[in-house]
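Read the structure below first, then the notes.
The values are calculated or read from the model by the stated rules, or taken from the named source; none is laboratory data. From a predicted model like this one, the values you see are computed outputs, not experimental measurements. Here the Cβ positions follow ideal geometry from the backbone for every residue, glycine too, while neighbour counts run over all protein chains shown. To get the accessible areas, we keep the full protein, side chains included, count just its heavy atoms, and leave off ligands, DNA and RNA. Shrake-Rupley method; radii C 1.70, N 1.55, O 1.52, S 1.80 Å.
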Amino acid sequence: MIENIHLRSAKDTDYQSIYEINDLAFGQNSESNLIALLRQNKEFISELSIVAEMDNELVGHILFSKISIKNEDKQFESLALAPMAVRPSFQNLGVGVKLVLYGITEAKRLGFTSLIVLGHEKYYPKFGFKSASLWKIKAPFDVPDSVFMALELKEGALKDVFGTVCYPKEFNMIEAHSL
Ligand SMILES: CC(C)(COP(=O)(O)OP(=O)(O)OC[C@H]1O[C@@H](n2cnc3c(N)ncnc32)[C@H](O)[C@@H]1OP(=O)(O)O)[C@@H](O)C(=O)NCCC(=O)NCCS
């Protein structure tokens with residue numbers, strides 16, 4: 001674990017480093033292209049584009065975007081966690097955990113009550129994420145149950161929520177497996 005990590009919202013001048021971190025971590029530029037597109041979306045929440053900084057160097061980034069969960073009658077607002085990336089030389093030192101925890105705190109502060117993630121089934125449950133199917137919340141694409149997860153930021157927030165997640169259109173550009 002490293003301790004001298006500072007978490008904060010990203011500034012405009014951080015984005016070149018953010019794209020570089022994503023390109024290095026994912027080994028492709030789909031995620032940085034996604035972030036660049038999402039920044040143009042009027043629903044982009046700049047406070048929830050969060051960087052981890054260490055000795056004036058950016059070492060990680062996490063983004064949360066507004067999504068909706070829709071069924072035939074109703075639509076519920078939620079947030080998607082994607083993408084998250086840590087500079088390869090700083091991985092497995094706890095940076096990712098700090099980014100998720102800080103993101104959760106900020107999302108709560110802004111009044112969001114739930115989170116959805118498509119991600120590693122061993123990584124996210126430590127924050128309390130559970131299979132979204134427990135709430136009958138479905139992905140808009142075919143993915144194994146165990147990797148599509150939800151987290152209530154407020155107790156009972158998803159109690160009456162069910163339906164299919166609707167991502168911002170920019171997500172259609174990238175492959176589900178690399179979120
Ligand atoms: C996934 C990622 C963001 C985690 O960040 P990190 O700072 O390395 O993670 P932390 O140090 O906070 O946590 C380390 C834990 O994550 C686990 N982990 C790291 N990469 C993982 C992966 N690809 N799949 C599953 N678990 C992973 C480690 O085994 C470790 O588990 P432990 O705490 O039980 O020992 C980072 O490894 C990364 O950028 N990976 C490439 C991009 C990516 O896959 N992004 C996530 C999309 S959901």
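Solvent-accessible surface (1.4 Å probe) assigned to residue 124 amounts to roughly 20 Å². Inter-part distance, the range 120-179 to the range 40-118, computed on C-alpha centroids, equals 13 Å.
Quote to one decimal, in nm, the extra length available between residue 143 and residue 3 on full extension: 0.36 nm per residue of separation minus the C-alpha distance between them. Spell out each step's value before the answer.
Values: separation 140, 0.36 × 140 = 50.40 nm, distance 3.56 nm.
Difference between extended and current length: 46.8 nm.
Which value, in Å², gives the accessible area per residue of the range 6-178 when a 1.4 Å probe is used on the protein heavy atoms? Mind dumping the intermediate values first?
On the way: 8920 Å² over 173 residues.
On a per-residue basis, 52 Å².
Please find, in a Gaussian network model of the chain (springs between Cα atoms separated by less than 10 Å), the residue of 165, 143, 51 whose mean-square fluctuation is greatest. Ranking 165, 143, 51 by mean-square fluctuation puts 143 first. One chain, two ends: residue 134 and residue 172. Fully extended at 0.36 nm per residue, the span grows by 11.2 nm beyond their Cα-Cα distance. Model label sites at residue 109 and residue 68, defined 7 Å from Cα along the beta-carbon direction, differ in position by 2.8 nm.
Between the helical axis of 15-26 and the longest alpha-carbon principal axis of the chain there is an angle of about 70 degrees. Relative to the longest principal axis of the Cα atoms of the chain, helix 30-40 runs at roughly 80 degrees.
Only Cα pairs under 8 Å and at least 6 apart count here; give the relative contact order of the chain as a rounded whole percent.
Dividing the mean separation by the residue count of the chain yields 23 percent.
The calculated FRET efficiency for the pair residue 33 and residue 11, based on their C-beta separation and a Förster distance of 22 Å, comes to about 0.65. Computed 3J(HN,Hα) for the range 45-58, one whole-Hz value per residue from the Karplus formula 6.51 cos²θ - 1.76 cosθ + 1.60 where θ = phi - 60°, is 9, 4, 5, 9, 10, 10, 10, 10, 10, 9, 6, 6, 10, 7, glycine and proline marked x.
Residues whose amide H lies under 5 Å from that of residue 45, counting only those 5 or more places away or on a different chain, are 66; hydrogens are built 1.01 Å from N in the peptide plane. Return the FRET efficiency for the residue pair residue 41, residue 92: r is the Cβ-Cβ distance, R0 is 25 Å, and the value is rounded to the nearest 0.05. In this case the efficiency is close to 0.20.
Just round it to a whole percent: the fraction of Cα-Cα distances in the range 83-179 exceeding 20 Å. All intermediate terms of the calculation are to be shown ahead of the outcome.
Values: 1921 of 4656 pairs.
The calculated P(r) of the range 83-179 puts 41 percent of pairs beyond 20 Å.
To put it simply, the accessible area of the range 17-152 at a 1.4 Å probe is 46 percent carbon and sulfur. Note that the chain carries a Kirkwood radius of 16.4 Å, evaluated over its alpha carbons pair by pair. The heavy atoms of residue 113 present about 50 square angstrom of accessible area, all protein chains included, probe 1.4 Å. Tilt of helix 95-109 relative to the longest C-alpha principal axis of the chain, in degrees (0 to 90, nearest 10)? Relative to the chain, helix 95-109 is tipped by roughly 50 degrees. Pairs of lysines 8 or more apart, or on different chains, with alpha carbons under 22 Å: count those in the range 106-179, would you? Eligible lysine pairs with Cα atoms under 22 Å apart amount to 19. For the chain, leaving out every one of the trypsin sites (Lys or Arg not before Pro) that falls in a DSSP loop and has at most 11 other Cβ atoms within 10 Å, the longest unbroken run is 43-121.
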